[in-house]
Amino acid sequence: MADITASPQSHRLHLSKGQTLIKAAAAAHIALRTDCGGAGKCGRCRIHPAPGARLSAPTEAEFFHLAPFLPVKGIRLACQTRSLCSQTVSVAIPEDPGAAAPFPVVHGRAPSGLRTVGVAIDLGTTSVDLSLCDPADGSPLVSVKGGNRQQCFGYDVVARIAAAGDAAIGLGRLRKLAVDSINHLLETALAACGLDTTAVSQVAVAGNTTMSLILAGIDPQPLGRYPYRSPVTTFPPFTAGQLNLSLPPETPVRLFPVASGFIGGDTVSALFALEPFTRGSTTLLVDIGTNGELVLCRRQRLLAASCATGPAFEGAAISCGMPAVAGAIDHLTIDPLTGTIDWQVIGPNSGNPPAGICGSGIVDAVAGLLAAGALTTGGLFNPASPLVTPAAAGGAEAVLVPADKSRHGRALSLTQKDIGEVQLAKAAICTGIELLLARSGTRRIHRTLLTGAFGVGFDSRLAFAIGMLPPQLAGSRVQAVSALAGKGVRKALAAAEDFEAAARATARAVEVLELGGDPMFEKRFIERLAFPAVAAGDTGAHAL
Ligand code: FES
């Protein structure tokens, strides 16, 4: 069985009586992963207090998530553990095999001989993508992906907005965590290219509206209350010194403008990458993250809508989920006749044992379970299926990877709750698309582009199989395009002084449709929670 090891770096926590370790860690700027927002459900907020600390007894959630590490190694869940008195305690943060570890990948030509590079950043709620690129044409040299350290304050933008208004956390701390995340990746990428910070000529960043506001030092709280408007849509030019980036202080930094409170700079950047987006064809852009952004490009118009998808397709809120980084299963097949499960793992050595499963793998797994009859269209496990077994915590589960084949010695399974999370996410996307098409009077889509942080191995056919995409799109050409926002940022870097005008023109062209108040949304959403019936002859199996 794989071990859990504590990192050599230890921290001192000042605890008041009754305070949870997760609150104290947040106050001390210690980034813990908190996928379930402190509900004791994800098991990710692991912490190793020094022996002798006076702490509350382990909870049921801790025994469930931590056995056998809790009694043997003293590992605890920070959201479950309270201090029994005022005290100062040394803690270490155990390595999380499902954490978003940096994953440098060299693209295209070798960077030798290059004197200057541009830095393109897609600042996401869950993960951060950073590329060093040729400033002349924006072509990528090295790309690095890592987690957004703000995750210790919750997995979605709603939690971050609340954290910005929390006196114990605040905007400054969130901003620092975002900057720390970027600086860590920047250092990794420059080292991979053998460059130092003076080689960086300029930086461009795109993020959703909440992330962009936080990075710019603007309070995002107006996004959390009616009418959910962003206080600004454009940002002034910054310098690296103003943002505390680890670069020469005068290095110019530009932020993509946003279109609205929920149509952020990442979507504007993706549209910028697609320009010219109207070649007589109607294109639907579907960007799947913790929020789903939909943009219909039709007859010179850009109609946009957003829907709350939750984090299922980013790997959070799923018991064995993780971001699409090294160690994650990004593609999986289930033979409906034999029940044999095969998988593919992201990373330099794809034969490595998997640590978790990212969004594309989750879509594959659910589609495979449906095709094998292990899941009903209502989303319940079929107890008669050999793929379904009783879960230790009660109920049923489908084991995708047995414990002895995983990296950490725990089985990777989908639980009934995980299936429910997938249903909520896919129903939100499907309903959003249907209403956007209906409200815009669009009958025919020529091209559908799927993008987002769900994984590079995404099989768009399976998006129909689980009902993420409505049947109206079946006649369109569906393509999965990875990291489209990052492509837009690199293109903007190459545009140099034209960046402001071009990016702002794209943002201004977006017309936002509010779907939240549409009376049809709730009705249609509930209908779309069910999975489509499996078509006769569709085994759901697709070659890896
Ligand atoms: S179990 Fe503690 S944050 Fe999820």
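Out of the residues in segment 387-401 that are modelled with pLDDT under 95 and part of a loop (DSSP other than H, G, I, E, B), state the one that is surrounded by the most Cβ atoms within 10 Å (Cβ to Cβ).
Only one residue tops the list, namely ALA391.
When you scan segment 307-347, how many residues do you find that are in a loop (DSSP other than H, G, I, E, B), over 27 Å from LEU130 (Cα atoms) and polar (S, T, N, Q)?
So the count comes out to 3.
Conditions (1) assigned to a loop (DSSP other than H, G, I, E, B); (2) within 24 Å of the chain's Cα centre (by Cα), marked per residue:
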{"position": "TYR226", "(1), (2)": "yes, no"}
{"position": "ARG229", "(1), (2)": "yes, yes"}
{"position": "GLY241", "(1), (2)": "no, no"}
{"position": "SER246", "(1), (2)": "yes, no"}
{"position": "VAL258", "(1), (2)": "yes, yes"}
{"position": "THR267", "(1), (2)": "no, yes"}
{"position": "PHE272", "(1), (2)": "no, yes"}
{"position": "SER281", "(1), (2)": "yes, no"}
{"position": "LEU284", "(1), (2)": "no, yes"}
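If you check LEU255, LEU294, LEU303, which single one turns out to be closer than 30 Å to ARG439 by Cα and either surrounded by fewer than 21 Cβ atoms within 10 Å (Cβ to Cβ) or free of Cβ contacts under 8 Å to residues at least 60 places away in the same chain (or both)?
Checking each option against the conditions leaves just LEU303.
Search segment 39-54 for residues being within 11 Å of GLN87 (Cβ to Cβ) and crowded, with 19+ Cβ neighbours inside 10 Å, and hand back the single one that is farthest from the ligand (Cβ to nearest atom).
Looking at residues that are within 11 Å of GLN87 (Cβ to Cβ) and crowded, with 19+ Cβ neighbours inside 10 Å, I get ALA53.
Check ARG407 against each of (1) of a type outside the set (Ser, Thr, Tyr); (2) closer than 20 Å to LYS41 by Cα; (3) modelled with pLDDT under 90 and name the one condition it does not meet.
Going through the list (1) of a type outside the set (Ser, Thr, Tyr); (2) closer than 20 Å to LYS41 by Cα; (3) modelled with pLDDT under 90, ARG407 breaks only (2).
Please specify each residue of segment 56-101 satisfying the condition of being away from the ligand (no atom under 15 Å from the Cβ) and either at pLDDT 80 or above or touching a Leu at 6+ places or on another chain (Cβ under 6 Å) (or both).
ALA57, GLY74, SER83, LEU84, CYS85, SER86, GLN87, THR88, VAL89, SER90, ALA92
Is there a residue being touching a Pro at 6+ places or on another chain (Cβ under 7 Å) and modelled with pLDDT of 85 or more anywhere in segment 30-53?
yes
If I ask for residues that are part of a loop (DSSP other than H, G, I, E, B) and farther than 23 Å from ALA328 by Cβ, which ones from segment 130-168 would you list?
Scanning segment 130-168 gives ASP134, PRO135, ALA136, ASP137, GLY138, SER139, GLY165, ASP166, ALA167, ALA168.
Working carefully through the options VAL157, VAL144, find the one that is touching a strand residue (DSSP E or B) at 6+ places or on another chain (Cβ under 9 Å) and either of a type in the set (Asp, Glu) or closer than 24 Å to ARG490 by Cβ (or both).
VAL144
Got a number for residues in segment 188-234 being over 30 Å from LEU141 (Cα atoms) and of a type in the set (Ser, Thr, Tyr)?
The qualifying residues number 4.
Return the residues of segment 468-482 that are in a loop (DSSP other than H, G, I, E, B) and surrounded by fewer than 22 Cβ atoms within 10 Å (Cβ to Cβ); say none if nothing qualifies.
Once the filter is applied, which keeps residues that are in a loop (DSSP other than H, G, I, E, B) and surrounded by fewer than 22 Cβ atoms within 10 Å (Cβ to Cβ), segment 468-482 yields PRO470, ALA474, GLY475, SER476, VAL481, SER482.
Which one of ALA324, ALA316, ALA308 is under 20 Å from MET211 (Cβ atoms), modelled with pLDDT under 90 and surrounded by fewer than 20 Cβ atoms within 10 Å (Cβ to Cβ)?
Step by step, each of ALA324, ALA316, ALA308 is checked, and only ALA308 is under 20 Å from MET211 (Cβ atoms), modelled with pLDDT under 90 and surrounded by fewer than 20 Cβ atoms within 10 Å (Cβ to Cβ).
The values are calculated or read from the model by the stated rules, or taken from the named source; none is laboratory data. Please read all numbers here as calculations on a predicted model, not as lab measurements. Here Cβ is always computed from backbone atoms with ideal geometry, including for glycine, and neighbour counts include all displayed protein chains.
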